[in-house]
Amino acid sequence: MGEAIRIFDTTLRDGEQSPGCSMNLKEKLTLARQLTRLGVDVIEAGFPIASEGDFEAVRAIAEEIRGPVICGLARTPEVDVERAARALESAEKTRIHTFIATSDIHLEHKLRMTREQVIDEVGRAVTQARGYTDDVEFSAEDATRSDRDYLVQVFSVALEAGASTLNVPDTVGYTTPGEYAELVRYLIAEIPGSGAATFSVHCHNDLGLAVANSLAAVEAGARQVECTVNGIGERAGNTSLEEMVMAVRTRPDVYAEVELGINAAEIYPSSRLLSSVTGVQVQPNKAIVGDNAFAHEAGIHQDGVLKAAITYEIMTPASIGRASNELVLGKHSGRHAFRDRLDELGLDVDGDEFERAFKRFKDLADAKKVIYNEDIEAIAADSVTATEDRFELLELTITSGNALAPKATVSLAVDGDAKDTVASGVGPVDAIFKAIAELTQTPSELIRYQVHAVTAGLDAQGEVTVTIEEEGRRVIGNGVHEDVMVASGKAYVNAINKLEWHRLRHEVNEPKGI
């Protein structure tokens, strides 16, 4: 048995900072439940001081989720640490994660503090956090561009004050594997009493090296890796959880001294759920979870795989919970069969959510001959992430053609009351969006509109994602329907509801940490 590597998942905190990927409370809870099934060791649920929405989400996750450690991020000021502690009060296992920058670049241009002032802040903040919980993590923001000897001083103070996890972030994705491994070894060797701490790494992917850097740090002695599902996060993203896990699992000869507690069969369901919640699809050639990850087009590859899969596949689709693309259900299938298929796909849908999903499945089965697993995943995600929103699309009718001016008649529920209007546009989608904008009175601007088919075939469901912006905050909405125009209306309403949720909590879209 090797030493355990903790997987610290920050999808709900750093991942949410990916442009447009902000989530509401119900979406965060849905993902937190899936992360629990995935078996992550720590869930960083949010940054409680950042907004009322973040505080609510961290508190809700702390109240419900059992198993993983629930973590809240805090800067070093007293009010930050106290706010995190309050949000985490109901957690079964609590961690406060406090941080401050340590590079001279940040000290001079951002903090405008001296090295001595930062050291004082570290000692005070960690001591305060230690008064609320035995599990305190300290991060030295921009560690890879910090003076090494100064890092030793800072981490030593944090350790003496009660921190049990010391995180060495590559905040701007600047380091390289050999350089990073050397830094981790140096810190472990030079910090007095370092054996009492778990060394952690948090890498950004600006140079495409986040996973490589994290693996190098593990070989150097780090025993916690901070990562996100699908690698989402600020700028180019974070260490990809699925790539990190499967690298260790696929190469036991290289990583014989360590082991992970992740349930790998939940990797693909986690990836799909996140894509459905955020509306951000992974690129087709994305390692592990991309659509082409197990595709073989070259004849010589196909021949080899048919003879023996190991010739070109170093892992199997089943090892990450990826089901085959086969026909699974039809219009005569009942609730029991539908429930069994949801369970096989790792989709947790109950109560009213199940009833909504089942009705949507029956409607789709009447309109579409072939129902694939991807169809069911899309239906389930659409039902699970449905919320008590202010706006709901009720009806949509379009007239359009090469001899007609496109016109859309749209009916919305606004605060429970049905309202309708008619709008014209340069195309049917433009007409739909203008009608919805009028009914919702949104000042937002449409930034991006995308459509893709959920499965193959002329009768495939269309999945639409829209990106809209209001006062500097970008959100992504998505909608799925066999009629692409209806999917477009659903996506736009979904995005406006997300903006409304954040607006009501007076949230500001700004960087939230390391």
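Only the coordinates and a few stated rules stand behind these numbers; no lab work does. Every value quoted in this text rests on a predicted model; they were computed, and no experiment measured them. Note: ideal-geometry Cβ built from the backbone for every residue, glycine included; neighbour counts use all protein chains shown.
Observations, loosely collected:
- An ellipsoid equivalent to segment 47-105, defined through the eigenvalues of its Cα gyration tensor, has semi-axes of 22, 12, 9 Å when rounded to whole angstrom and sorted largest first.
- All-pairs alpha carbon distance profile, the chain, 10 Å steps from 0, percent: 4, 18, 27, 24, 16, 8, 2, 0
- At 1.002 mPa s and 20 °C, Stokes diffusion of segment 144-277 via Kirkwood alpha-carbon radius, µm² per second: 139
- Only Cα pairs under 8 Å and 6+ residues apart enter the sum, and on that basis the relative contact order of the chain stands at 13 percent.
- Counting 0.36 nm for each residue step from Ala403 to Asp253 and taking away their Cα separation leaves a gain of 47.3 nm.
- Crossing angle, helix 52-64 versus the chain [Cα axis fit, 0-90 degrees, rounded to tens]: 80
- The chain, dipole about Cα centre (Lys/Arg Cβ +1, Asp/Glu Cβ -1), debye to the nearest 20: 620
- When only alpha carbons are used to place a centre, segment 404-478 and segment 8-56 end up 27 Å from one another.
- Cross-link check: pairs Lys362/Lys498; Lys28/Lys93; Lys331/Lys434; Lys93/Lys286; Lys28/Lys362 evaluated at a Cα-Cα cut-off of 30 Å; pairs beyond the cut-off: Lys331/Lys434; Lys93/Lys286.
- Our coupling estimate for segment 125-130, obtained by passing each phi through the Karplus curve with A = 6.51, B = -1.76, C = 1.60 and θ = phi - 60°, is 5, 5, 4, 4, 4, 5 Hz, Gly and Pro reported as x.
- Most tightly packed first, judged by the mean number of other beta-carbon atoms within 10 Å of their residues, the peptides 214-224, 126-136 read 214-224, 126-136.
- FRET efficiency for Ile105 and Glu190, using Cβ-Cβ distance with R0 set to 30 Å, rounded to 0.05: 0.85
- Cα Rg over Rh - segment 400-514, Kirkwood: 1.01
- Proximal aspartates and glutamates relative to Lys490, as straight alpha-carbon distance under 16 Å, when same-chain residues fewer than 8 apart are discounted: Asp382, Glu388, Asp389, Glu392, Glu395, Asp420, Asp430, Glu438, Glu463, Glu482, Glu500
- Taking a sphere under 12 Å around the Cβ of Ala216 and counting the other residues whose Cβ falls inside, with K and R at +1 and D and E at -1, yields a net charge of -3.
- Amide H contacts under 5 Å for Gln461, placed H, 5+ residues apart: Val454, Thr455
- Applying D = kT/(6 pi eta Rh) to segment 25-143, where Rh is the Kirkwood radius over alpha-carbon pairs, T corresponds to 37 °C and eta to 0.692 mPa s, the Stokes-Einstein value obtained is 224 µm²/s.
- Taking one quarter of the surface of the convex hull spanned by the alpha-carbon atoms of segment 3-278 gives a direction-averaged projected area of 12.7 nm².
- Fully extending the segment from Glu395 to His452 would add 18.3 nm, taking 0.36 nm per residue of separation and subtracting the current Cα-Cα distance.
- Gain upon complete extension [Val414, Asp120; 0.36 nm per residue less C-alpha separation]: 100.6 nm
- Rounded tilt (10° steps) of 177-190 against the dominant C-alpha axis of the chain: 40
- Taking 7 Å steps out from each Cα toward its Cβ at His332 and Arg37 produces label points 2.9 nm apart.
- Against the chain, whose longest principal axis is taken from its Cα atoms, helix 241-250 shows a tilt of about 70°.
- Among 29-37, 10-18, the order from most to least packed when residues are scored by Cβ within 10 Å on average: 10-18, 29-37
- Peptide ranges 278-290, 49-61 listed from the most packed, as the mean C-beta count within 10 angstrom indicates: 49-61, 278-290
- DSSP finds beta bridges in the chain, and of those with both partners inside it, around 50 percent are antiparallel.
- Other residues whose C-beta falls under 9 angstrom from the C-beta of Tyr255 contribute a net charge of -2, scoring Lys and Arg +1 and Asp and Glu -1.
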